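See structure below.
The values are calculated or read from the model by the stated rules, or taken from the named source; none is laboratory data. On a predicted model such as this, the values are computed, not experimentally measured, just so you know. No Cβ is skipped: glycine too gets one built from the backbone with ideal geometry, and neighbour counts run over all protein chains shown. Please note that ligands, DNA and RNA were not included when accessible areas were found on the heavy atoms of the full protein model with its side chains. Shrake-Rupley method; radii C 1.70, N 1.55, O 1.52, S 1.80 Å.
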Amino acid sequence: MNKVPVILISGFLGSGKTTLLLRLLAHTRQIPLRAAVLMNEMGEYDVDSAIISEEMPDVTVEGLLEGCICCSKRNELAGALHTLLSQEPDLIFMETTGVANPEQVLEELRSPLLADRLYLVHSISVVDAELFHEYNSRFTADKELVRTLHGQLRTADFIVVNKTDAASSREVTKVVKSIRKLNDTAKLQTTEYSRVDLEPLLEPVLASTSVAAKPAQTPQPAPAQVQLTDAPFVPIPVKSIGRPSSVSRSTAFKVISAHSHDHDPKQPHSFSRLESLTLHQYSPQPLEKQRLENFLTGLGSSLLRAKGYCVLPQEGTMLLQFSGNHLEWQPTALPVSQGYVTLIGEQLDKASITDQWEQCFISL
């Protein structure tokens with residue numbers, strides 16, 4: 001039985017992992033290779049998996065939500081990968097959460113359950129050039145998270161220093177120098193919007209895969225959004241995502257912490273103080289854009305990442321992406337009447353955030 005190649009993509013919150021993945025998927029389609037994706041998310045909804053499934057229906061996607069495949073979801077990883085293997089892909093992409101330590105994921109890939117079916121081609125780490133030093137300084141006291149951030153770089157054979165347009169050339173040089181102290185052998189490329197040379201990343205796959213002997217994927221035009229090279233986020237229409245049926249309040253939240261999951265005490269945690277909070281737009285009226293922007297910016301430095309879909313009075317349903325104090329809105333065809341936003345931050349004050357969120361709907 002031939003082993004299937006795997007490309008692992010890691011990187012901290014908002015660094016540009018999914019944008020890189022979408023570029024890789026578009027490129028594999030052109031070759032063509034049959035690609036499958038395992039997507040891991042901290043929140044209760046997986047926006048990115050839905051994006052891929054809607055725009056690239058020929059790509060099989062498995063999502064592991066509300067936890068990290070390096071810890072709380074580790075026991076589900078083998079099952080998800082075997083589900084993907086049953087589809088006989090030429091290649092599997094794995095995108096971890098922003099707080100996953102790939103060292104533990106790689107250890108799982110070497111386990112007896114997977115070692116005879118898969119082999120690692122590349123471990124890619126994506127870095128936000130603007131925020132790299134800020135995050136390393138900020139999380140100094142969080143030893144588990146520092147170990148995770150460093151692990152994402154140490155395990156990589158290809159490092160993408162992304163978002164260089166938002167950092168000075170001096171800062172980019174400092175970032176590269178810091179990375180080289182942790183990993184001086186990986187190939188490294190500086191870029192914007194995850195634009196990297198994709199062909200070298202796929203050369204080992206092509207060398208071991210008889211593309212001509214396999215039926216091509218159903219030819220479909222690549223989405224225009226994937227071809228855009230100047231958009232910091234890649235908005236692609238997604239399928240409708242239903243809300244939970246048993247939520248009584250206007251807000252539902254979940255705390256995602258390495259210490260709150262069923263976890264093997266012998267395994268190191270990937271993070272300790274970061275939490276995920278999902279807020280639902282249950283009001284029958286649209287949420288005003290300015291109110292939401294004020295809400296997000298008002299959370300201050302505790303908020304590291306936010307994404308979701310909001311129904312706005314003028315614009316309709318919009319994809320929201322927030323990272324590093326940069327907020328982006330993109331139109332989407334997602335047919336929902338009630339949106340949601342997932343927040344990821346450090347020691348979030350859940351009660352206060354819940355109250356602030358509900359204030360956004362008063363007197364609309």
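Here are the numbers for the structure shown:
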{"read-out": "Scan of region 79-101 for residues that are assigned to a helix (DSSP H, G or I) and not hydrophobic (A, V, I, L, M, F, W, C), ordered by number", "value": "GLY79, HIS82, THR83"}
{"read-out": "Residue, surrounded by the most Cβ atoms within 10 Å (Cβ to Cβ), within region 293-337, restricted to residues that are assigned to a loop (DSSP other than H, G, I, E, B) and among the aliphatic types (A, V, I, L, M)", "value": "LEU334"}
{"read-out": "Residue in region 338-364 that is surrounded by the fewest Cβ atoms within 10 Å (Cβ to Cβ), counting only those that are of a type in the set (D, E, K, R) and free of Cβ contacts under 8 Å to residues at least 60 places away in the same chain", "value": "ASP355"}
{"read-out": "Candidate set: region 103-125, residues that are among the charged types (D, E, K, R) and more than 15 Å from LYS3 (Cα to Cα); chosen: the one most open to solvent (accessible area, probe 1.4 Å)", "value": "GLU107"}
{"read-out": "Cβ-Cβ under 6 Å pairs, at least 6 apart or on other chains, region 192-209 side more than 12 Å from ILE124 (Cβ to Cβ) and in contact (Cβ under 8 Å) with a residue 12 or more places away in the chain, far side open to solvent by less than 50 Å² (accessible area, probe 1.4 Å) and polar (S, T, N, Q)", "value": "GLU192/THR164"}
{"read-out": "Any hit, region 116-128, residues being touching a residue at least 12 places away in the same chain (Cβ under 8 Å) and in a helix (DSSP H, G or I)", "value": "no"}
{"read-out": "Residue satisfying condition, being buried (at least 18 other Cβ atoms within 10 Å of the Cβ), under 20 Å from the mean Cα position of the chain (by Cα) and modelled with pLDDT under 90, within set ARG147, ARG74", "value": "ARG74"}
{"read-out": "The listed residue being in contact with a helix residue (DSSP H, G or I) (Cβ under 6 Å, 6 or more places away or on another chain) and open to solvent by less than 10 Å² (accessible area, probe 1.4 Å), out of ALA129, ALA100", "value": "ALA129"}
{"read-out": "Selection status of ASN101, under 17 Å from the mean Cα position of the chain (by Cα) and at pLDDT below 85", "value": "yes"}
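Condition check ((1) farther than 21 Å from THR191 by Cα; (2) out of contact with any Asp or Glu (no Cβ under 8 Å at 6 or more places or on another chain)) across all residues:
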| position | (1), (2) |
| --- | --- |
| GLU95 | no, no |
| VAL105 | yes, yes |
| ALA115 | yes, yes |
| VAL121 | yes, yes |
| LEU145 | yes, yes |
| LEU149 | no, yes |
| THR164 | no, no |
| ILE179 | no, yes |
